[in-house]
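Asker: Provided herewith is a single structure, encoded as structure tokens, for subsequent inquiry.
The values are calculated or read from the model by the stated rules, or taken from the named source; none is laboratory data. All values derive from a computational prediction rather than experimental measurement. Reconstructed Cβ throughout: ideal geometry from the backbone, glycine too, with neighbour counts over all protein chains shown. Quick note on the areas: whole protein, heavy atoms, side chains included, nothing else; ligands and nucleic acids left out. Shrake-Rupley method; radii C 1.70, N 1.55, O 1.52, S 1.80 Å.
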Amino acid sequence: MSLIKSISGIRGTIGGKVDENLTPLDVVKFASAFGTWLQNNKNKKDLTLVIGRDARISGSMVNSLVTATLQGLGIHVIDLGLSTTPTVEVMVPELHADGGIILTASHNPKQWNALKLLNEKGEFINGENGAEVLALAESEDFNYAEVDDLGKYEERHDAFEIHIQKILDLPMVDAEAIKLKKFKIVVDAVNSTGGIAIPQLLEKLGCEVIKLYCEPNGHFPHNPEPLKEHLGDICELVKKEKADMGIVVDPDVDRLAFVDENGEMFGEEYTLVAVADYLLRHRKGVAVSNLSSSRALRDVARNLGSEYFASAVGEVNVVTLMKEKNAVIGGEGNGGIIYPDLHYGRDSLVGVALFLTHLAKENKTVSELRATYPSYFMGKKKIELTPDIDVDSLLTKMKSEYQTEEVSTVDGVKIDFEKNWVHLRKSNTEPIIRIYTEAFSQEEADELGEKMIAKIKTLI
């Protein structure tokens, strides 16, 4: 059980002791801090916040606490109820609100919940802002409204329709091409809000939808992180139903994975690769992902005469670099698609629409499409160190050891070799170095990781 306070919000397990878990008091304190921070930074009296939540069991309780706290500060609340992270992000500017709060612990198990904080653009607040909110939470310097100045409360039930219509209106989404294909698609939404939103989108696109775990009751039937080892049920059902593909989302619908017609994983890293392939064919430009994402995106971008840049790990960092480079497409290798023509946030719904457009226009099966991309395999290892070891110094030594290679120090140390790469990052919470590798085979990726561990040990 734990409580994790970070610049992007507060996350923890429900129940237990104050300041050790996500208790009602912690929820009220953090909601108060964010509301107060907004009031301190906005030159207007009446503030409005949009809130929405995923379907996890604690959502309703946390929603009530946050709503009442914001009203207590004199802030008006527009409550979307059961929603998705990208839907809340879209609705903040749509409703001309001053910010938003998404109640979700993303791919964490059901005992977790979190408050994720958005600015008036519907984008996650940056590190500097987050640090200010955390400082306010610690100081508890809050000033609540008097009775005549309490915030108003309003519910909206049209957010999915608005979000989906914005996607259908995008020039790069060809709804008619998709409808002609009459795709048969299985959806695993891990019994959260993707079970409402994704089928609704697919039906608008003329697809036949087979629902698996689409009841938004918060009882996750398997580990909610959309990785191969958790997705045996949908892989079997795609084959049994002779479906064209499967779609998997996490509880808050910002991560997207596909299953091909043979019940095999398309590869979470390749969600972004395929969408970028489609977009960059029609518009040369820039693609962005983080340093730990697959090299396949770089390969595809360069083959299409476009540029590729890598940011530090973290959605806020990807978005910052996308804006700086005016990127056409960006995201993270965990299945996060960021399409700036809609908004700067990971969005599985727009990812589905763009992927299906690509699939329809290519006139290929999902497995045939996957075969057109370079195949890479990733390895993830870590080396535990004693607390007295200077991790930063170790990483500097590793940089020097490989100075003849292409080295990035944007986030830890990434070494790009000709046929593979390794990314070394220190943990923020424990004395370990995380070691990510990628190569043309799983064996090679794992061997590279072991080689790096051995090299680090010689430098300690």
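Asker: Condition first: within 14 Å of Ala310 (Cα to Cα) and touching a residue at least 24 places away in the same chain (Cβ under 8 Å). Now tell me which residues in the range 400-411 satisfy that.
Answerer: Ser408, Val410, Asp411
Asker: Among the residues of the range 79-123, count how many are part of a strand (DSSP E or B) and more than 27 Å from His219 (Cα to Cα).
Answerer: Let us first name the residues in the range 79-123 that are part of a strand (DSSP E or B), namely 79-82, 99-103, 112-118.
In the following step, the residues that additionally are more than 27 Å from His219 (Cα to Cα) were identified as 99.
The number of residues fulfilling the criteria is 1.
Asker: Next question, about the same structure. Identify all residues within the range 414-431 that are more than 23 Å from the chain's Cα centre (by Cα) and part of a strand (DSSP E or B); write none if there are none.
Answerer: Passing the criteria: Ile415, Asp416, Trp421.
Asker: Of the residues Thr386, Thr372, Thr357, which single one is closer than 30 Å to Asp260 by Cβ and out of contact with any helix residue (DSSP H, G or I) (no Cβ under 7 Å at 6 or more places or on another chain)?
Answerer: Result of the check over Thr386, Thr372, Thr357: Thr372.
Asker: Let me ask something additional. Within the range 5-49, track down each residue that is in contact (Cβ under 8 Å) with a residue 12 or more places away in the chain, out of contact with any Gly (no Cβ under 6 Å at 6 or more places or on another chain) and hydrophobic (A, V, I, L, M, F, W, C).
Answerer: The answer is Ile10, Ile14, Val27, Val28, Phe30, Ala31, Ala33, Phe34, Trp37, Leu47.
Asker: Inside the range 2-28, can you point out the residues that are over 21 Å from Met91 (Cβ atoms) and surrounded by 20 or more Cβ atoms within 10 Å (Cβ to Cβ)? First the steps, then the outcome.
Answerer: Let us first name the residues in the range 2-28 that are over 21 Å from Met91 (Cβ atoms), namely 2-7, 10-28.
Passing the criteria: Ile10, Arg11, Gly12, Thr13, Ile14, Leu22, Asp26, Val27.
Asker: Turning to a different aspect of this structure: Regarding Asp411, is this residue part of a loop (DSSP other than H, G, I, E, B) and under 21 Å from Gly331 (Cα atoms)?
Answerer: Yes: the conditions hold for Asp411.
Asker: Let me ask something else about it. Leu356: under 30 Å from His163 (Cβ atoms), open to solvent by less than 60 Å² (accessible area, probe 1.4 Å) and modelled with pLDDT of 95 or more, yes or no?
Answerer: yes
Asker: Now for a different question. For Leu117, all conditions in the list (1) open to solvent by 30 Å² or more (accessible area, probe 1.4 Å); (2) under 20 Å from Ile51 (Cα atoms); (3) at pLDDT 95 or above hold save one; what is the number of the exception?
Answerer: (1)
Asker: If we scan the range 375-383, do we find a residue that is under 30 Å from Glu447 (Cβ atoms), under 15 Å from the mean Cα position of the chain (by Cα) and modelled with pLDDT under 95?
Answerer: No, the conditions are met nowhere in the range 375-383.
Asker: Among the residues of the range 4-16, which ones are more than 17 Å from Val66 (Cα to Cα) and modelled with pLDDT under 90?
Answerer: The answer is Ile4, Ser6, Ile7.
Asker: Looking at the range 133-239, what helices (runs of 4 or more DSSP H) fall wholly within it and have at least 2 residues that are modelled with pLDDT of 95 or more, open to solvent by 50 Å² or more (accessible area, probe 1.4 Å) and under 24 Å from Val50 (Cβ atoms)?
Answerer: Result: 159-168, 194-204.
Asker: Pick from the range 334-387 the residues that are in a loop (DSSP other than H, G, I, E, B) and in contact with a Ser or Thr (Cβ under 6 Å, 6 or more places away or on another chain): which of them is nearest to Ser294 (Cα to Cα)?
Answerer: Of everything passing the filter in the range 334-387, Tyr376 is nearest to Ser294 (Cα to Cα).
Listed here are the residues, each with its yes/no results for (1) within 24 Å of Val407 (Cα to Cα); (2) among the acidic types (Asp, Glu).
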residue	(1), (2)
Glu264	no, yes
Val275	no, no
Arg281	no, no
Glu324	yes, yes
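Asker: Same structure again: So which residues in the range 37-68 are closer than 19 Å to Gly130 by Cβ, open to solvent by 10 Å² or more (accessible area, probe 1.4 Å) and in contact with a helix residue (DSSP H, G or I) (Cβ under 7 Å, 6 or more places away or on another chain)?
Answerer: Trp37
Asker: Next question, about the same structure. Give the number of residues within the range 444-454 that are in contact (Cβ under 8 Å) with a residue 40 or more places away in the chain and either farther than 15 Å from Phe417 by Cα or open to solvent by 20 Å² or more (accessible area, probe 1.4 Å) (or both).
Answerer: The total comes to 4.
Asker: Output the residues belonging to the range 54-74 that are out of contact with any Lys or Arg (no Cβ under 9 Å at 6 or more places or on another chain) and not in a helix (DSSP H, G or I).
Answerer: Within the range 54-74, Asp54, Ala55, Leu73 qualify.
Asker: Among the residues of the range 288-307 satisfying the criterion of being surrounded by 19 or more Cβ atoms within 10 Å (Cβ to Cβ) and not hydrophobic (A, V, I, L, M, F, W, C), which is nearest to Arg425 (Cα to Cα)?
Answerer: Ser292
Asker: On to the next question. Being open to solvent by 70 Å² or more (accessible area, probe 1.4 Å) and over 28 Å from the mean Cα position of the chain (by Cα) is the filter here; which residues of the range 387-404 pass it? Before the answer, list the steps.
Answerer: Narrowing the range 387-404 to residues open to solvent by 70 Å² or more (accessible area, probe 1.4 Å): 387-388, 390, 392, 396-397, 399, 401, 403-404.
Passing the criteria: Pro387, Asp388, Asp390, Thr396, Lys397, Lys399, Glu401, Gln403, Thr404.
Asker: Against the condition over 24 Å from Gly285 (Cβ atoms) and either touching an Asp or Glu at 6+ places or on another chain (Cβ under 7 Å) or basic (Lys, Arg) (or both), how does Lys361 come out, does it pass?
Answerer: Taking the combined requirement at face value, the residue does not satisfy it.
Asker: Kindly list the number of the only condition in (1) open to solvent by less than 20 Å² (accessible area, probe 1.4 Å); (2) closer than 17 Å to Ser408 by Cβ that fails for Ala310.
Answerer: Result: Ala310 fails condition (1) only.
Asker: So which residues in the range 299-344 are within 19 Å of Pro226 (Cβ to Cβ) and of a type in the set (D, E, K, R), if there are any at all?
Answerer: Selection gives Glu315, Glu332.
Asker: Could you list, in sequence order, all residues of the range 258-280 that are open to solvent by 10 Å² or more (accessible area, probe 1.4 Å) and hydrophobic (A, V, I, L, M, F, W, C)?
Answerer: Answer for the range 258-280, where residues must be open to solvent by 10 Å² or more (accessible area, probe 1.4 Å) and hydrophobic (A, V, I, L, M, F, W, C): just Met265.
Asker: Turning to a different aspect of this structure: Would it be correct to say that Asn217 is in contact (Cβ under 8 Å) with a residue 60 or more places away in the chain, over 20 Å from the mean Cα position of the chain (by Cα) and at negative phi? So that I can check it myself, show each step before the final result.
Answerer: Values: in contact (Cβ under 8 Å) with a residue 60 or more places away in the chain: yes; over 20 Å from the mean Cα position of the chain (by Cα): yes; at negative phi: yes.
When the stated conditions are applied, Asn217 passes them.
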